[in-house]
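One structure below.
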Amino acid sequence: MLDTVVRNARVIGRGAELTDIGVSGSRIVAIEPQIASDARSIDIGGRLVTSGFVDTHIHLDKSCILDRCNSTRGDLAEAIGEAAKAKASFTPDDVNARAKRTLEKAILQGASHMRTHLEVDPGVGLRSLDGVLPLVREYSWAIDLEICVFPQEGLLNNPGTDELMVEALKRGCRVVGAAPYTDSDPHGQIDRVFEMAREFDVDIDMHLDFGSTADNMTFDHVCRRTDENSYGGRVAIGHVTQATSLSLAGFEAMAKRLAGAGVALTVLPSTDLYLMGRGHAHDHNAPRGVVPAHKLLHHGVNCSLSTNNVLNPFTPFGDCSLIRMANLYANICQVGAVTDMEECFHMVTRRPAELMRISDYGIEVGKSADFVVLDASEPALAVAEVAPVLYAFKRGRMTVAREPAKLLRPA
Ligand SMILES: [Zn+2]
């Protein structure tokens with residue numbers, strides 16, 4: 001017995017053939033043309049059905065604080081300082097309300113899975129965790145949300161932070177993160193984070209090598225620790241904007257190192273563009289600071305594109321649309337080939353799902369019925385046209401519906 005049939009869908013990997021998708025309970029149970037059933041059906045007229053978008057790197061706890069901050073330089077140090085000042089007055093209710101606003105936006109844009117990075121330190125304590133943690137259960141009807149705890153203001157230089165990270169892991173954070181570039185001992189922070197990951201058997205997702213030059217990069221140290229701990233496939237690094245200053249040979253060597261160690265890389269195009277290159281802006285145009293991830297894919301590195309910050313000093317933008325982020329990335333990184341454009345689509349869908357080790361993902365019989373209908377016919381065009389989400393389903397239930405815009409011609 002079917003509950004819902006999505007008719008005339010285009011599904012990646014099936015060419016131009018249109019198919020129906022049958023859903024029973026929370027599962028996809030049939031993918032074949034013209035399913036005979038009188039269950040409720042929607043005819044999507046040849047539009048693209050894809051598994052939901054996967055945002056591996058977003059900060060719900062510090063989203064929507066633009067009105068409390070004062071940015072003039074627009075660089076990373078100022079953003080960290082302004083956010084730290086704002087954090088002092090965070091309360092669980094305040095964090096909860098802002099995080100909810102951003103989370104609902106992401107759901108409306110078709111996100112089905114999300115990893116939110118959450119800060120703890122002696123200043124904010126566990127108040128942000130208290131604000132965000134209830135949302136995991138409250139919004140499970142629409143999105144799988146997991147929390148990555150990390151020390152934005154340093155770990156070894158900031159006494160009390162270690163204990164708070166451990167407490168957050170005990171209370172249900174499923175991933176541990178890092179920001180070694182704000183630590184007095186970057187390698188020491190990386191080593192301690194690997195220890196915590198081993199102790200709690202959780203994955204690692206670090207902010208890493210966020211800066212404008214290629215000096216003192218730490219990805220090699222992360223790869224070494226990944227090998228030593230047999231953590232390949234369980235480690236991701238985000239930003240890595242320093243790699244945009246590497247020579248092409250250096251960039252290729254980094255790609256091979258990451259691929260060999262099984263370390264994935266997440267690009268945050270909106271933040272990286274906004275924060276990088278500020279030091280050059282006095283007498284030259286600012287260089288951009290976004291890693292060309294599609295070139296890393298060619299070397300076997302898994303990569304995702306994610307939102308990162310929303311309406312705060314790190315990024316005063318944000319509609320939480322990952323298809324827009326893929327389009328932004330494609331523009332910046334001069335993506336033109338259709339296969340690379342398709343990869344931009346994969347970097348907000350199946351590739352981040354792989355990064356987060358979500359096994360129950362994909363348009364296949366037996367998988368969870370988590371999918372979106374895009375107003376597009378194929379992935380590359382969905383990226384090129386920033387195709388809107390018309391419907392989203394989570395575990396078989398419709399969670400989002402959006403009417404396509406209509407032209408109102410004169411009579
Ligand atoms: Zn981040």
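Can you tell which of V132, V124 is within 16 Å of the ligand (Cβ to nearest atom), farther than 28 Å from P352 by Cα and modelled with pLDDT of 95 or more?
Values: V132 fails: farther than 28 Å from P352 by Cα.
Result of the check over V132, V124: V124.
Restricting the search to the range 345-382, which residues are within 13 Å of the chain's Cα centre (by Cα), part of a loop (DSSP other than H, G, I, E, B) and among the aliphatic types (A, V, I, L, M)?
Within the range 345-382, M347, V348, M356 qualify.
Which residue out of A214, A259 is more than 20 Å from T349 (Cα to Cα), in contact with a Leu (Cβ under 9 Å, 6 or more places away or on another chain) and either of a type in the set (G, A, S) or without any contact (Cβ under 8 Å) to a residue 60 or more places away in the chain (or both)?
Being more than 20 Å from T349 (Cα to Cα), in contact with a Leu (Cβ under 9 Å, 6 or more places away or on another chain) and either of a type in the set (G, A, S) or without any contact (Cβ under 8 Å) to a residue 60 or more places away in the chain (or both) holds for just one of A214, A259, which is A214.
Is it fair to say G211 is within 21 Å of H113 (Cα to Cα), surrounded by 14 or more Cβ atoms within 10 Å (Cβ to Cβ) and either at pLDDT below 95 or within 15 Å of the ligand (Cβ to nearest atom) (or both)? Break it down into steps so the answer makes sense when it comes.
Working: within 21 Å of H113 (Cα to Cα): no; surrounded by 14 or more Cβ atoms within 10 Å (Cβ to Cβ): yes; either at pLDDT below 95 or within 15 Å of the ligand (Cβ to nearest atom) (or both): yes.
Criteria not met by G211.
From the list A142, A178, which residue is over 22 Å from G238 (Cβ atoms) and among the aliphatic types (A, V, I, L, M)?
A142
Can you find a residue in the range 155-164 that is closer than 23 Å to R357 by Cβ and surrounded by fewer than 19 Cβ atoms within 10 Å (Cβ to Cβ)?
no
Looking at the range 83-98, which of its residues are within 15 Å of the ligand (Cβ to nearest atom) and either under 18 Å from G318 (Cα atoms) or surrounded by fewer than 18 Cβ atoms within 10 Å (Cβ to Cβ) (or both)? Full working, then the answer.
Here is the first cut: in the range 83-98, the residues within 15 Å of the ligand (Cβ to nearest atom) are 83-84, 87.
Matches in the range 83-98: A83, A84.
A quick yes/no check of all residues on (1) among the aliphatic types (A, V, I, L, M); (2) surrounded by fewer than 23 Cβ atoms within 10 Å (Cβ to Cβ); (3) closer than 20 Å to V54 by Cβ; (4) free of Cβ contacts under 8 Å to residues at least 12 places away in the same chain:
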| residue | (1), (2), (3), (4) |
| --- | --- |
| P287 | no, yes, no, no |
| P316 | no, yes, no, no |
| A326 | yes, no, yes, no |
| E342 | no, yes, yes, no |
| D360 | no, yes, yes, yes |
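Of all residues in the range 214-236, count the ones that are modelled with pLDDT of 95 or more, in a loop (DSSP other than H, G, I, E, B), of a type outside the set (S, T, N, Q) and under 22 Å from P269 (Cβ atoms).
1
Which residue out of V49, V6, V95 is β-branched (V, I, T) and farther than 30 Å from R234 by Cα?
Of the residues listed, the single one that is β-branched (V, I, T) and farther than 30 Å from R234 by Cα is V6.
Just to check your reading of the model, which residue among D183, D203 is of a type outside the set (A, V, I, L, M, F, W, C) and in contact (Cβ under 8 Å) with a residue 60 or more places away in the chain?
After ruling out the rest, the residue left standing is D203.
Being of a type in the set (D, E), buried (at least 18 other Cβ atoms within 10 Å of the Cβ) and modelled with pLDDT of 95 or more, is that true of even one residue in the range 37-49?
no
Six or more apart or on different chains, Cβ atoms under 6 Å: show the pairs whose first residue is in the range 1-30 and closer than 23 Å to P379 by Cβ and whose second is of a type in the set (K, R).
Partner pairs satisfying both residue conditions: D20/R7; I28/K367.
Return the residue satisfying two criteria in turn: it lies in the range 193-208 and is within 16 Å of the ligand (Cβ to nearest atom) and of a type in the set (V, I, T), and of such residues it is nearest to K256 (Cα to Cα).
If we take residues in the range 193-208 being within 16 Å of the ligand (Cβ to nearest atom) and of a type in the set (V, I, T), then I204 is nearest to K256 (Cα to Cα).
Among the residues of the range 26-64, write down those that are part of a strand (DSSP E or B) and within 16 Å of the ligand (Cβ to nearest atom).
Passing the criteria: V54, D55, T56, H57, I58.
With the range 250-338 as the region, which helices (runs of 4 or more DSSP H) entirely inside it contain at least 2 residues that are within 14 Å of the ligand (Cβ to nearest atom) and in contact with a His (Cβ under 8 Å, 6 or more places away or on another chain)?
Of the helices (runs of 4 or more DSSP H) lying wholly inside the range 250-338, those with at least 2 residues that are within 14 Å of the ligand (Cβ to nearest atom) and in contact with a His (Cβ under 8 Å, 6 or more places away or on another chain) span 269-275.
The values are calculated or read from the model by the stated rules, or taken from the named source; none is laboratory data. Just so you know, these numbers come straight off a predicted model, no measurement behind them. Methodologically, a virtual Cβ is constructed for each residue, glycine included, from the backbone with ideal geometry; neighbour enumeration extends over all protein chains shown.
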